[in-house]
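Here is the structure we will look at.
The values are calculated or read from the model by the stated rules, or taken from the named source; none is laboratory data. Just so it is clear, the model here is predicted, and its values are computed rather than measured. We place every Cβ from the backbone using ideal geometry, glycine too, and count neighbours over all the protein chains shown.
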Amino acid sequence: MSYEVDFSNFNAKLPQIVDKAIPSEAGNGLFKAANQLLDDAMYKRPFAPFKMGDLRGSARVDKAVVAGSLISVMCGFNISYAARWHELTPAEDARINWTLPGSGAKYLESKMARYMADYMEIVASHIRNSA
């Protein structure tokens, strides 16, 4: 006795799932990961500077863009001096009296390096949970 399963319908739709659904869901996962990055920048050392809240209030994550095999998301602090604070040299950083203890330069870059695996897990988890 044998049992036969017809996968022709599945096989026909698999390229559509891989080509459309997965990149779209990966984009949604990247959007979530980028939001986590900004949250980490504000609440994990080195903190994004905080004096009046303008910098943190400018936190922004744009919708992910899927273009062929490239999936990207833009995020950051959308204020004129955000890059200035982020890109300080160690010598410049040492001379600044930050109003928020624990804040300082590289508040985005350090999180991307330190928590990259966590951000990629957010993307992978989103893809897994959307299926």
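Looking at this structure, is G57 in contact (Cβ under 8 Å) with a residue 24 or more places away in the chain and at negative phi?
No; evaluated as a whole, the condition is false for this residue.
Go over the candidates G68, G102 one by one and state the one that is modelled with pLDDT under 85 and surrounded by fewer than 18 Cβ atoms within 10 Å (Cβ to Cβ).
G68
Under 9 Å between Cβ atoms, which residue pairs at least 6 apart in sequence (or on different chains) link something in segment 32-52 that is at pLDDT below 95 and crowded, with 19+ Cβ neighbours inside 10 Å with a partner that is among the small types (G, A, S) and part of a helix (DSSP H, G or I)?
That search, which allows pairs on different chains as well, returns A41/S110; P46/S110; A48/A41; A48/A82.
Limited to segment 114-130, what total is found for residues that are in contact (Cβ under 8 Å) with a residue 24 or more places away in the chain, out of contact with any Asp or Glu (no Cβ under 7 Å at 6 or more places or on another chain) and hydrophobic (A, V, I, L, M, F, W, C)?
The total comes to 4.
Please list, ordered by first then second residue, the pairs with beta carbon atoms under 8 Å, 6 or more apart or interchain, first in segment 63-77 and free of Cβ contacts under 8 Å to residues at least 40 places away in the same chain and under 20 Å from Q36 (Cβ atoms), second assigned to a loop (DSSP other than H, G, I, E, B) and of a type in the set (S, T, N, Q).
F77/S58
Which residues, counting only those in segment 38-84, are closer than 12 Å to E109 by Cα and either in a loop (DSSP other than H, G, I, E, B) or more than 14 Å from the chain's Cα centre (by Cα) (or both)?
Those that are closer than 12 Å to E109 by Cα and either in a loop (DSSP other than H, G, I, E, B) or more than 14 Å from the chain's Cα centre (by Cα) (or both): R45, P46, F47, A48, A83.
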